[in-house]
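In what follows, a single structure is set out as structure tokens and then discussed.
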């Protein structure tokens, strides 16, 4: 299973269209972890799972998405409702309760990836307003690929170029 994960685009619809165009047919699913500031019925979401972030005001957006892609269970939330600014314990518990193998979130605008007891926790960073150590990249998204036993994560910049230092591989 291969998916693209993006977050915190904050009204930058053009970058989402660019990602959809570039990766259509190359990934199995697209995930947007919230703060798109778009309406739920925007055409970009016809091909993308999305959740409501703290800066999204369309109440039709779900706060949580549980999806299964090619047999891999995925849990996604923006992160503000599970306190990701203060730690990942609540996110982990919510994802484990749903028996997810992958948990995607945003909110902090800082990329990060960890694996705990077979659960991958991933923040793609903000595609439009990055913060923290990798802010200089100008925005990031991630491609996650798994066969159930191993997980590969590659972060990319807004120019769709891989960031060599941000490539991670996890095994069971």
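Taken together, the values in this text are just the output of simple stated rules run on the coordinates, not laboratory data. From a predicted model like this one, the values you see are computed outputs, not experimental measurements. When we count neighbours, we look across all protein chains shown, and the Cβ atoms used for this are built from the backbone with ideal geometry, even at glycine.
Any chance region 7-17 includes a residue that's assigned to a loop (DSSP other than H, G, I, E, B) and closer than 14 Å to residue 104 by Cα?
yes
Restrict the check to region 65-81 and report whether at least one residue is free of Cβ contacts under 8 Å to residues at least 12 places away in the same chain and either closer than 21 Å to residue 109 by Cβ or not in a strand (DSSP E or B) (or both).
The answer is no, given that none of the residues of region 65-81 is free of Cβ contacts under 8 Å to residues at least 12 places away in the same chain and either closer than 21 Å to residue 109 by Cβ or not in a strand (DSSP E or B) (or both).
Is one or more of the residues making up region 85-101 closer than 18 Å to residue 166 by Cα, in contact (Cβ under 8 Å) with a residue 40 or more places away in the chain, touching a strand residue (DSSP E or B) at 6+ places or on another chain (Cβ under 7 Å) and not in a strand (DSSP E or B)? Explain how you work it out, then say what you get.
Filtering region 85-101 down to residues closer than 18 Å to residue 166 by Cα leaves none.
No - not one qualifying residue is present in region 85-101.
Output the residue which, of all residues in region 20-47 that are over 20 Å from residue 81 (Cβ atoms) and under 13 Å from the mean Cα position of the chain (by Cα), is surrounded by the fewest Cβ atoms within 10 Å (Cβ to Cβ).
29
Take the residues of region 157-172 that are in a loop (DSSP other than H, G, I, E, B) and in contact (Cβ under 8 Å) with a residue 12 or more places away in the chain: which is nearest to residue 119 (Cα to Cα)?
Among them, the one singled out is 172.
Out of everything in region 114-146 that is touching a residue at least 60 places away in the same chain (Cβ under 8 Å) and assigned to a loop (DSSP other than H, G, I, E, B), what residue ends up being surrounded by the most Cβ atoms within 10 Å (Cβ to Cβ)? Working first, answer last.
Within region 114-146, the first condition is being touching a residue at least 60 places away in the same chain (Cβ under 8 Å), and the residues that meet it are 122-129, 139, 141-146.
Imposing the further condition that a residue be assigned to a loop (DSSP other than H, G, I, E, B) reduces the set to 124-129, 139.
Details: 124: 28, 125: 31, 126: 29, 127: 27, 128: 21, 129: 16, 139: 24.
Among them, the one singled out is 125.
Filter region 147-160 down to the residues that are under 18 Å from residue 15 (Cβ atoms) and within 17 Å of the chain's Cα centre (by Cα), then identify the one that is surrounded by the fewest Cβ atoms within 10 Å (Cβ to Cβ). Steps first, please.
Our first condition is that a residue be under 18 Å from residue 15 (Cβ atoms); within region 147-160, this holds for 154-160.
Now drop any that are not within 17 Å of the chain's Cα centre (by Cα), which leaves 154-158, 160.
Numbers: 154: 16, 155: 24, 156: 22, 157: 19, 158: 17, 160: 11.
This residue is 160.
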